[in-house]
Amino acid sequence: MKLAFMDIGELGWSMYIAAHVRWYKEKTSDEVAVMTYPDRRCLYDGLADVVMNLPSTFYTAFDTRKQNCLGIQKVLPDVVKNFLSAHLTNGYRVPDYFIMRCKPQFGDKLIF
């Protein structure tokens, strides 16, 4: 299986994504890709099989100044997920459990 994770939210949440990628790679033989901002690529060196830059169209489609947890404020998670999924290569897909939003019932805790 080839899974892809998106790191587009607040920088602090990147450590949770990186930790999950590391854990996932230790527990499975699946290939993992991460799509993120160019300046965050270093967080995934040696962890992900592939690190992809966000497509240039992402910056015009979404206001990156309005990040929240794993996504963009006032943008439905599926909108972002579908937009970025269209730019994945080589059979990678975003897992269904990757929510790309804060869960209000848990405060700001990330629940995978």
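The values are calculated or read from the model by the stated rules, or taken from the named source; none is laboratory data. Since the structure is predicted, the reported quantities are computational estimates derived from the model, not experimental observations. Please note: Cβ atoms are built from the backbone with ideal geometry, for glycine as well, and neighbour counts cover all protein chains shown.
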Residue ID - surrounded by the fewest Cβ atoms within 10 Å (Cβ to Cβ), chosen from residues in region 7-29 that are closer than 15 Å to Ile72 by Cβ and of a type in the set (Asp, Glu): Glu10
Selected residue (criterion: surrounded by the fewest Cβ atoms within 10 Å (Cβ to Cβ)) from residues of region 56-95 that are closer than 19 Å to Pro38 by Cβ and β-branched (Val, Ile, Thr): Thr60
Which numbered condition Thr36 misses (of (1) out of contact with any Gly (no Cβ under 7 Å at 6 or more places or on another chain); (2) among the polar types (S, T, N, Q); (3) surrounded by fewer than 19 Cβ atoms within 10 Å (Cβ to Cβ)): (3)
Region 63-80: number of residues that are more than 13 Å from Asp7 (Cβ to Cβ) and in contact (Cβ under 8 Å) with a residue 40 or more places away in the chain: 1
Pair list, Cβ < 8 Å and 6+ apart or interchain, from region 1-15 residues that are farther than 11 Å from Tyr37 by Cβ and among the aromatic types (Phe, Trp, Tyr) to residues that are surrounded by 15 or more Cβ atoms within 10 Å (Cβ to Cβ) and at pLDDT below 90: Phe5/Phe98; Trp13/Cys69; Trp13/Leu70; Trp13/Leu110
Tally, over region 36-56, of residues that are without any contact (Cβ under 8 Å) to a residue 12 or more places away in the chain and on the phi < 0 side of the Ramachandran plot: 4
Complete set of residues in region 19-62 that are farther than 17 Å from Gly9 by Cα and either touching a strand residue (DSSP E or B) at 6+ places or on another chain (Cβ under 8 Å) or of a type in the set (Lys, Arg) (or both): Arg22, Tyr24, Lys25, Lys27, Asp30, Glu31, Val32, Asp45, Leu47, Ala48, Asp49, Val50
Residue within region 65-77 that is more than 23 Å from Gly12 (Cβ to Cβ) and of a type outside the set (A, V, I, L, M) present: no
3 or more residues among the β-branched types (Val, Ile, Thr) and modelled with pLDDT of 95 or more: qualifying strands (runs of 3 or more DSSP E) within region 1-96: 31-36
